[in-house]
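**Q** Just dropping this structure here.
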Amino acid sequence: MTAASDSPAHHHGYITDKERYLSRLKRIEGQARGISKMVDDEKYCIDILTQISALTNALQAVAIGLLDDHLKHCVVDAARAGGDEADAKIKEASDAIARLVRS
């Protein structure tokens, strides 16, 4: 992330859905604590794996939403500006997609 993208004048694409993202992340945090408790309580392996799958899917949904917001706002704004900033934002988005695909 560049210093310019962190400046107070810059608004990230997710800002309009910030509360929704925070709410989803709090639910995900609760799911993770629940999985930890399942292990501590020695629950059935398959039940734990099922919950891990649900947690993974929930995290992926948040990641896809953030990526979509990033493309619609940050990348589009940089593309309009053109030049090195556009190239950097496109590479940054491509790298993020690659990380998501590998996970």
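The values are calculated or read from the model by the stated rules, or taken from the named source; none is laboratory data. Please read these numbers as outputs of a predicted model, since none were measured by experiment. Reconstructed Cβ throughout: ideal geometry from the backbone, glycine too, with neighbour counts over all protein chains shown. All accessible areas refer to the heavy atoms of the entire protein, side chains included, with ligands and DNA or RNA removed. Shrake-Rupley method; radii C 1.70, N 1.55, O 1.52, S 1.80 Å.
**Q** Whole angstrom only: what separates the Cα centroid of the stretch 84-103 from the Cα centroid of the stretch 29-66?
**A** Centre-to-centre distance over Cα atoms comes out at 27 Å.
**Q** Using the Cα gyration tensor of the stretch 22-64, with a ≥ b ≥ c the square roots of its eigenvalues, what is the shape: rounded (a/c below 1.5), prolate (a/b larger than b/c) or oblate (neither)? Present the calculation step by step, with values, prior to reporting the outcome.
**A** Details: a/c = 4.52, a/b = 1.76, b/c = 2.56.
In terms of gyration-tensor shape, oblate.
**Q** Can you spot the lysines whose alpha carbon is less than 20 Å from residue 37's alpha carbon? Ignore those fewer than 8 places along the same chain.
**A** List returned: 26.
**Q** In whole percent, what relative contact order does the chain give with Cα contacts below 8 Å and a gap of six or more residues?
**A** On the way: 47 pairs, mean separation 29.2, N = 103.
So the answer I get is 28 percent.
**Q** Enter the accessible area per residue of the chain (Å², integer; probe 1.4 Å; all protein chains in place). Show your work: numbers first, answer last.
**A** Values: 7420 Å² over 103 residues.
That works out to 72 Å² per residue.
**Q** When the accessible area of the chain is split by element with a 1.4 Å probe, what percent falls to carbon and sulfur?
**A** On the way: 4380 of 7420 Å².
After summing per-atom areas, the C and S share lands at 59 percent.
**Q** Out of the chymotrypsin sites (Phe, Trp or Tyr not before Pro) in the stretch 5-103, which ones are loop residues according to DSSP with at most 15 other C-beta atoms within 10 Å?
**A** Sparse-neighbourhood loop chymotrypsin sites (Phe, Trp or Tyr not before Pro): 44.
**Q** While we're here: GNM, the chain, Cα, under 10 Å: largest mean-square fluctuation among 40, 87, 69?
**A** 40
**Q** Also: Looking at (1) 1.11; (2) 0.91; (3) 0.98, which value of Rg/Rh (Cα atoms, Kirkwood Rh) comes from a calculation on the structure shown?
**A** Only one option fits the structure, namely (1).
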